[in-house]
There are 2 protein chains.
Amino acid sequence: MKTKKIEYHHNSVKMVGYLAWDENQIGLCPGIVVFPEAFGLNDHARQRAERLAKLGYIALAADIHGDGQVFDDMASLVPAIQTMYNDRKEWRGRAHAALTALLSQANVDKHNTAAIGFCFGGACCFELARSGAPLAALATFHAGLIPEQDGDARITAKILICNGADDGVINRDALNAVTAELSRDKVDWQLIHYGGAVHSFTDPDADTRNLPGFAYCERTEQRSWALMQQLFSEAFARH
Amino acid sequence: MKTKKIEYHHNSVKMVGYLAWDENQIGLCPGIVVFPEAFGLNDHARQRAERLAKLGYIALAADIHGDGQVFDDMASLVPAIQTMYNDRKEWRGRAHAALTALLSQANVDKHNTAAIGFCFGGACCFELARSGAPLAALATFHAGLIPEQDGDARITAKILICNGADDGVINRDALNAVTAELSRDKVDWQLIHYGGAVHSFTDPDADTRNLPGFAYCERTEQRSWALMQQLFSEAFARH
């Protein structure tokens, strides 16, 4: 497996993504954008890209904050997220720039793309899909989803939402609103609640952040990752 | 694969189950009770037992109504179900008799047992577990679950609940009450909602019953069956 940093831009923001691929794959491979937790492009997101590469995909862990910024505390993090919430056009522009950067890489199959996202990154997946990106699949993990806006493009991707049943960080009403939208639009969606899991269940570092309601759950991490693979195997057409 | 009918009893009720196994398996195999939809032990339940046998399990499709009765209409079905709801001791006795009949078969691994159930059969799984049966796993499909009673044994099985997101037949409040119980007891549970799926989504015959809110959904049938297999692979200890 190989990895490298990739610079890409949206307006005046320079972003530094992390590409991972298996150099032994022959021909086109599905391309997957990995949207990190709100903290930014850290080890967790890089490792997810590497794991996807080992599965035969070409994965780009995206930088949403620009300049590869990573936040360690909520005080600095919240304003960065709020900027995106307040300016969805900017947010979507950055998400789209990640997808475009991925598609510009050699051997990425433009007709078989997906996005996965963790926490805030799950919301990034939805913003990308709502802006019209023709993703085949979209998987989110402990994501704080937010409802659509007027004029959004209809989502066509197959969707998997993996949620900790005891996640007190995310807004459950918003989650229900999103699944209601998906049902209205006859999207192929799945939502799984994992008993015993709270926010950030995929992240082994969650336990050391000392954030209330954040914790790693190994069994849930493994189950949700397996379910994502199952989704991809359904969603990616064979050529 | 081989199959045979098995007679077993609870009090004065004679029940006629359907056993399926793979005669090429060597040594002990996990044993799985299949609780049918409320209609009774019909082709749907028999086929599920046969599919489990092909996976290497020994499966008994249970007869809950006695004498192998199968109902085709709701008018005759409802009183039979109501009898069980009104007398949980009798209900559990019949469910337990099925498990006992399975365990008495050659080559069933008594330490690796599970129950699966469809519709009313999902509720049967829970009654069996609540009566203290040491099941390793329990999977339900479009099940109308009902909350516990005082004095129930704590459930220890790993649980998977597969639910059609648009199922208007089941009681969603009761489902939520059940998952709250499971969380309270720190049970390892998963609940998946499948977009676009309604009641009876595993049953190809659902479409011909002309029952409002019943319909087969092939993709959901396949996904939920795969998830059940994943659960079993986690739950059954290797010797």
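The values are calculated or read from the model by the stated rules, or taken from the named source; none is laboratory data. What you see is a predicted model, and the numbers here were worked out from it, not measured in a lab. Every residue, glycine as well, gets a Cβ built from its backbone with ideal geometry; the counts of neighbours run over all protein chains shown. In case anyone asks, the SASA skips ligands and DNA or RNA and just uses the protein heavy atoms, side chains included. Shrake-Rupley method; radii C 1.70, N 1.55, O 1.52, S 1.80 Å.
See the values below:
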item: Mean Cβ count within 10 Å, highest first, over the residues of peptides B:91-98, A:79-86; result: B:91-98, A:79-86
item: Cross-link partners of A:LYS5 among aspartates and glutamates (Cα-Cα below 19 Å; sequence separation of 8 or more within a chain); result: A:ASP22, A:GLU23, A:GLU37, A:ASP43, A:GLU50, A:ASP63, A:ASP67
item: Partner chain coverage, peptide A:194-203 - average Cβ within 10 angstrom; result: 3
item: Computed [θ] at 222 nm, deg cm²/dmol, chain B (DSSP H ≥ 4; -39,500 (n - 2.57); rounded to nearest 500); result: -11000 deg cm²/dmol
item: Cα-based Kirkwood hydrodynamic radius, segment A:102-180, one decimal, Å; result: 13.1
item: Residue-normalised accessible area of chain A, expressed per residue, 1.4 Å probe, Å²; result: 40
item: Most to least packed among A:207-214, B:117-124 [average Cβ atoms within 10 Å]; result: B:117-124, A:207-214
item: Nearby lysines by direct alpha-carbon distance to A:LYS158 (threshold 16 angstrom, same-chain neighbours under 8 apart not counted); result: A:LYS186
item: Estimated inter-spin distance, B:ARG209 and B:TYR85, nm [label 7 Å along Cα→Cβ]; result: 1.5
item: Computed Kirkwood radius, in angstrom, where 1/r is averaged over Cα pairs of segment A:1-137; result: 14.5
item: Cα-based Rg and Dmax for segment A:26-100, where Dmax is the largest Cα-Cα distance (Å); result: 13.5, 45
item: q = 0.07 Å⁻¹, the protein assembly as shown: log10 I(q)/I(0) [Debye, one scatterer per Cα]; result: -0.40
item: Semi-axis lengths, Å, segment A:1-41, gyration tensor of Cα atoms, sqrt of 5 times eigenvalues; result: 23, 12, 10
item: Separation of alpha-carbon centers, segment A:1-40 and segment A:83-124, rounded to whole Å; result: 10
item: Average beta-carbon neighbours from other chains, 10 Å sphere, peptide A:217-228; result: 2
item: Buried accessible area, chains A and B (both chains, 1.4 Å probe, Å² to nearest 100); result: 1500
item: Solvent-accessible area, 1.4 Å probe, carbon plus sulfur percent, for chain B; result: 48
item: Cβ neighbours within 10 Å from other chains - mean over B:14-25; result: 0
item: Cα-based Rg and Dmax for segment A:128-239, where Dmax is the largest Cα-Cα distance (Å); result: 14.7, 47
item: Cα principal axis extents for chain A, largest first, Å; result: 44, 38, 38
